């Protein structure tokens with residue numbers, strides 16, 4: 001829930017593409033500059049986010065783009081992501097939400113790939 005008291009409900013039971021979700025959030029009013037600032041707080045100068053109005057099959061939509069600025073992207077473990085989020089210069093509510101989302105993603109990835117978290121990467 002944000003300051004206005006509005007809640008977004010996303011039914012992703014069949015999955016959701018990250019760029020499509022980001023485009024929908026931009027279309028719903030998320031400020032691209034604010035999202036870019038939050039991304040930069042975690043991984044500075046790593047990606048550039050774009051917002052473009054498009055028409056697909058006669059329907060208007062917002063397409064989000066993610067332009068990778070660094071060619072050599074490392075594999076990041078849950079522990080690395082957790083540490084990056086803990087050290088990011090973002091509001092505590094943003095940090096808490098991001099940690100919750102990435103923890104769930106780490107659990108799902110581990111389960112989907114039939115792997116256990118690496119030593120030191122234990123999930124709570």
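The values are calculated or read from the model by the stated rules, or taken from the named source; none is laboratory data. This is a predicted model, so every value here is computed, not measured. In this analysis, Cβ positions are derived from the backbone assuming ideal geometry, glycine residues included, and neighbour counts consider all displayed protein chains.
Here are a few things to note about the model shown:
- Residue list for region 17-40, filter: part of a loop (DSSP other than H, G, I, E, B) and surrounded by 13 or more Cβ atoms within 10 Å (Cβ to Cβ): 30
- So residue 98, is it exposed (fewer than 14 other Cβ atoms within 10 Å of the Cβ) and either under 22 Å from residue 10 (Cβ atoms) or at pLDDT 95 or above (or both): no
- Single residue of region 41-68 satisfying the filter (in contact (Cβ under 8 Å) with a residue 12 or more places away in the chain and exposed (fewer than 12 other Cβ atoms within 10 Å of the Cβ)) that is nearest to residue 27 (Cα to Cα): 52
- Some residue of region 72-89 being farther than 23 Å from residue 108 by Cβ, in the same structural domain as residue 109 (by TED's automatic domain parsing), assigned to a loop (DSSP other than H, G, I, E, B) and touching a residue at least 40 places away in the same chain (Cβ under 8 Å): yes
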